[in-house]
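Asks: Quick one: the structure is below, and I'll ask about it shortly.
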């Protein structure tokens, strides 16, 4: 997705500053899918302003410079819907430092490979737990509090996506746990057959 569409998506959730939009893609619910930097967000917002897709309002802050708050216009909402109903998205690709490293598992000791996998399994299960907790805290009719994701999981789309994410994270963790022993055994066998590589 281009950054203009990412900004429109964030503003479809409500008025926001450039900083708040950045936080949505840094630590909010949208961070699981896309990323946008300050260096790309502000030029995109300027173009959206010029095109009449967003409006901006300066709001006073005590002891600090005014902050610029952006709001989606009706034309902006139409443009966002148009982006969502355009051509199908590109096929998903998996880019992972861990998977890259595991492609060369025989270059590492079995102990190191085991530690890498255990750490990733813990991380994946933690991510799944956090998504489930956030989704259950923000169910239909619940008071989600004043957070960036307040009410986000009350809607059908985010609820579906949260379930998908939890499924993927748990399946990946399960796969790694089930096959870790086989991988380590095969690494030990492969390393034993290579000169100057003693299995740990």
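Asks: Does segment 124-158 hold any residues that are at pLDDT 70 or above and over 20 Å from residue 25 (Cβ atoms), and which are they?
Replies: 124, 125, 126, 128, 129, 132, 133, 136, 154, 156
Asks: Just checking, which of 39, 28, 76 is over 30 Å from residue 177 (Cα atoms) and buried (at least 16 other Cβ atoms within 10 Å of the Cβ)?
Replies: The match here is 76.
Asks: If residue 118 passes every condition in (1) within 21 Å of the chain's Cα centre (by Cα); (2) under 24 Å from residue 174 (Cα atoms); (3) surrounded by 10 or more Cβ atoms within 10 Å (Cβ to Cβ) but one, which one does it miss?
Replies: (1) is the only condition that residue 118 fails.
Asks: For segment 10-115, list the helices (runs of 4 or more DSSP H) that sit wholly inside it and hold at least 1 residues that are modelled with pLDDT under 90; which are they?
Replies: 18-26, 38-50
The values are calculated or read from the model by the stated rules, or taken from the named source; none is laboratory data. Given the structure is predicted, the values throughout are model-derived calculations rather than measurements. Neighbour counts run over all protein chains shown; Cβ positions are idealised from the backbone, glycine included.
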